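First the structure, in the form of structure tokens, and then the observations on it.
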Amino acid sequence: MRVQKIDRGREFDWGKTSADYSAYRTEYPKSLFDALNGLGIGLPGQRLLDLGTGTGTLARGLAERGAIVTGVDISPNQIGEAKKLAEGRNLKIKFSVGAAEDIEFADSSFDIVTAAQAWIYFDAPRAIPKILRVLVKEGRLVLTLVSWLADKDEIAGRMEELVLKYNPQWTGGGYKGDPPKYTR
């Protein structure tokens, strides 16, 4: 994958980190799911599409609360790990490989579409019409961003130092937690 606005357009492949993500990435906190539930998101029986699902962290949390979840990611390796993690918890989540911009589900087939951490990688002008088509009339698009800030946490700070040591051209350092600017 190559996104011009990220790391000066250098190519990256999330699939190369799938095994590490699967083994070491922490789950989202219960408070996130409580907040989403309070907004009517992730309720039992709700049909939910998680775009850029990665290893399925958000998808699993929502499925555990009774939502009917489908996860899509561009990386076959990420989807492979997502399937293993969901099966390990006896969760019935449908996972498929594909780009957010190329989803081909039936019209009005989802109540909610989510993207956790992934929206910045999508070509929003191409993805939004597809998302609107698969959402029910009163459906919602939910974007979540949970950041581990280097200036707020010692471990995150050390990790950023390590990344910069071996990749001094990395442009992701110094992030202060400001929400990204999304396409209207």
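What follows is calculated from the coordinates using simple rules that are stated; it is not laboratory data. It should be emphasised that the depicted structure is a prediction, and the values quoted were computed from it without experimental measurement. Virtual Cβ from ideal backbone geometry, glycine too; neighbours counted across all protein chains shown.
Between Asp178 and Lys92, what is the FRET efficiency for a Förster distance of 35 Å, r being their Cβ-Cβ separation, to the nearest 0.05?
0.40
Take Thr57, Thr171 and order them by how many other Cβ atoms sit within 10 Å, fewest up front.
Ranking Thr57, Thr171 by Cβ neighbours within 10 Å, fewest first, gives Thr171, Thr57.
Hey, of (i) 0.93; (ii) 1.02; (iii) 0.96, which did the structure itself give for Rg/Rh (Cα atoms, Kirkwood Rh) when calculated?
(iii)
With axes computed from alpha carbons, what is the tilt in degrees of helix 76-88 against the longest principal axis of the chain, rounded to the nearest 10 within 0 to 90?
Compared with the principal axis, the helix lies near 60 degrees.
Return the loop-located trypsin sites (Lys or Arg not before Pro) in the range 106-158 (DSSP other than H, G, I, E, B) with at most 12 other Cβ atoms within 10 Å of their own Cβ; answer none if there are none. Walk me through the numbers on the way to the answer.
Working: sites: Arg126, Lys130, Arg133, Lys137, Arg140, Lys152, Arg158; in loops: Lys152.
In loop regions of the range 106-158 (DSSP not H, G, I, E or B), the sparsely surrounded trypsin sites (Lys or Arg not before Pro) are Lys152.
Search the structure for amide H atoms under 5 Å from the amide H of Leu141, placed 1.01 Å from N in the peptide plane, and list their residues when 5 or more places away or on another chain.
Val113
How far apart, in nm, are the 7 Å Cα→Cβ label points at Leu143 and Ile120?
Rounded to a tenth, the inter-label distance reads 1.1 nm.
May I have the count of lysine pairs in the chain with C-alpha atoms under 18 Å apart, counting pairs 8 or more residues apart or located on different chains?
9
Specify the inter-centroid distance of the range 35-91 and the range 97-113, based on alpha-carbon positions, in whole Å.
Using only Cα atoms to place each centre, the spacing works out to 14 Å.
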